[in-house]
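These notes are about the structure you will find just below.
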Amino acid sequence: MRTAIIGGGIAGLAAAYELEQARAAGASIEYTLFEARERLGGCLASEIVGGTVLERGPDSFLSEKPAATELCRELGLAGELIPSNDAARKTYIVVKNRLVALPDGLMFLVPTKLIPTATTRLFSLTTKLRMGLELLHPPRPTGLPDEAVATLVERHFGREAVERLADPLLSGIFGGNASQLSARTVLPRLVEMESKYGSLTRGMLAAHRQMRAKAKAAAKKNGAANGNGHGQAGSNSRPAARSIFTSLRGGMQQLIDTLAARLDPASVRLATPVRGLAQVEGGWRVQAGEDTVLKAEMYDTVIVASPAWAAGTLLGPVDAELGEELGAIPYSSSITVNLIYDEAKLGRLPDGFGFLVPASEGRAMLACTFVHRKFLGRTPPGSPRRAVLRAFLGGMKNDALLAGTDAALVATVRRELSEILGEDVVGIGVEPEHTQVSRWRRAMAQYAVGHQERMQRIAARVAALPGLRLAGNAYDGIGIPDCIRLGRRAAKELLAAGF
């Protein structure tokens, strides 16, 4: 089987790794990984500056999704995995230039504790009363059309909860806004809870009780197994709590470099954009290279792991309807700005991981992470101690920021940090030791209302094209573990089909 993999981001690399594993095990396989850029990894890119790890793109992955951790262990990177410093986890929302901590008991978008919700400065009295009355919300019939996350949240908690909670939280994850994202795709558990319980608060509390009961039963079973009936210690032991986020000691670039080293170098073509894709008798013809030096090659199968808008352009001549569906998936752009400071020259930063900025604040920044707090060991030990502030800009409504110069973007971030944190903390006069700006154009897929129905239509069109698979963040999960899972699954499916 000869397979072309189009796109050298984490999804394409995961697919290539799966094929390489099969080839090494004796399967009759050839593959070629085409990447238009001069480097692999897509948005995963790290740089080490004076011992400080800077992430240009995603800095970690969700620990609860196993695909990334499993791959790291397979690659021998288990000892390089580091957990987020959840003991110091605290997140703020900017409200009228003031940092307001997310209240205790907030389970994503749902308040579950009375006193913290009643005393928080995040919400007005009207919203707090509405949150209390939400317990009486009746169940919603099943089978209704998909709707925006904002519609779901506003129905239960009011408009202020959308602006100060749903929008900034989802912007930090998707780079989009709650008025466009699909509730059924992005928040399926809340949609299910609404149908079963009516009240999201009651549904979340019920889910929490079930989780605690399962954990207690598992701990009891584990304790009994450890004790073995002989009074050995074990009944009091508790499994270590899993961190929310996981990263790599040397940055996410470690994963990319290690994956790339496991591939056959002759099978990887950098700076080789795919210009044409055609289904022909016996397989697929791939045209790649610069316009003046195009080379056509035949393959039995193709995994398209490029962004959906690029996949749509390639597949449009093969299947116009498929091309239109792929091209209609919206994307947002983003900018990351890393600032390294001598911590001694800063005033005291607020406790926690950082803050989120609602769109209603009218700022360029969407969020800021205190990197040296989120992952310990990302800055070198000793003196002077470094602080790293990582700002995010962009989103669906701010593509114009991409045209700004690095200097202008850094100045914007420094000004807004000064206004939000206070000049006594990080004033304009406090010069960063190093700055780094990264732009990611149309990098984050948006799961708009009706996304699941679109995925069904895309799946039907792909099924009619033997030897074709799609992988990436546009389909069934935007995170690193999702892309790894989808890339490996695409390769496994083609191997199982025996092309």
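The values are calculated or read from the model by the stated rules, or taken from the named source; none is laboratory data. Small disclaimer: the values here were computed from a predicted structure and weren't measured. FYI the Cβ positions are ideal-geometry reconstructions off the backbone, even for glycines, and counts take in every protein chain you see. For the accessible areas, the whole protein counts, side chains as well, though only heavy atoms, and no ligand, DNA or RNA atoms are used. Shrake-Rupley method; radii C 1.70, N 1.55, O 1.52, S 1.80 Å.
A Förster radius of 30 Å combined with the Cβ-Cβ distance from Phe499 to Gln452 puts the calculated FRET efficiency at roughly 0.55. Packing-based ranking of 71-79, 164-172, 256-264 yields 164-172, 256-264, 71-79, ordered from highest to lowest mean Cβ neighbour count within 10 Å. The alpha-carbon of Lys295 sits under 17 angstrom from the alpha-carbons of these aspartates and glutamates, leaving out residues fewer than 8 places away in its chain: Glu35.
When a/c is below 1.5 the answer is rounded, else prolate if a/b is larger than b/c, else oblate, so apply that to segment 250-336 with a ≥ b ≥ c taken from the square roots of the Cα gyration tensor eigenvalues. Judged from the Cα gyration tensor, segment 250-336 comes out oblate (a/c at least 1.5, b/c at or above a/b). Over the chain, Cα pairs under 8 Å with separation of 6+ residues give a relative contact order of 25 percent. Note on segment 316-347 and segment 290-308: Cα centroid distance 23 Å, given to the nearest whole angstrom. Computed from label points 7 Å out along Cα-Cβ, the spacing between Leu294 and Lys221 is 5.8 nm. The Kirkwood radius of segment 79-186, taken over pairs of alpha-carbon atoms, gives through the Stokes-Einstein law at 20 °C and 1.002 mPa s a diffusion coefficient of 140 µm² s⁻¹. Amide H contacts for Gly198 (H built 1.01 Å from N in the peptide plane; partners 5 or more residues away or on another chain; cut-off under 5 Å): Arg140. Once both labels are positioned 7 Å from their Cα atoms along Cα-to-Cβ, the gap between Ala344 and Val425 label points is 2.3 nm. When Met444, Met298, Met204 are compared by accessible area of protein heavy atoms, the largest-first order is Met298, Met444, Met204, using a 1.4 Å probe.
Just the Cα atoms of segment 389-482, one point each, no solvent: what log10 I(q)/I(0) does Debye give at q = 0.25 Å⁻¹? Debye intensities relative to I(0), on a log10 scale: -1.29. Each residue of segment 356-369 was assigned a 3J(HN,Hα) from its phi angle through the Karplus curve 6.51 cos²θ - 1.76 cosθ + 1.60 (θ = phi - 60°); the sequence is 10, 10, x, 4, 5, 6, x, 10, 6, 6, 9, 6, 9, 10 Hz, with glycine and proline shown as x.
Cross-link check: pairs Lys65/Lys128; Lys214/Lys374; Lys216/Lys374; Lys113/Lys196 evaluated at a Cα-Cα cut-off of 27 Å; pairs beyond the cut-off: Lys65/Lys128; Lys214/Lys374; Lys216/Lys374. Computed from label points 7 Å out along Cα-Cβ, the spacing between Thr405 and Arg242 is 4.8 nm.
Here is the list for segment 366-456: trypsin sites (Lys or Arg not before Pro) lying in DSSP coil, each with at most 16 other C-beta atoms within 10 angstrom of its C-beta, are Arg385, Lys397. Find how many whole Å separate the alpha carbon centroid of segment 12-59 from the alpha carbon centroid of segment 257-287. With segment 257-287 and segment 12-59 each reduced to a Cα centre, they are spaced 13 Å.
Note on segment 23-65: Cα-only Rg and Dmax are 16.1, 46 Å.
Of the listed residues Phe34, Phe245, the order by accessible area with a 1.4 Å probe, largest first, is Phe245, Phe34.
Taking the Cα of Lys113, stepping 7 Å toward and past its beta carbon, and measuring to each backbone N in segment 238-280: which are under 17 Å? No residue passes the distance filter. Both radii were evaluated on the Cα set of the chain; the Rg over Rh quotient, with Rh as the Kirkwood radius, amounts to 0.98.
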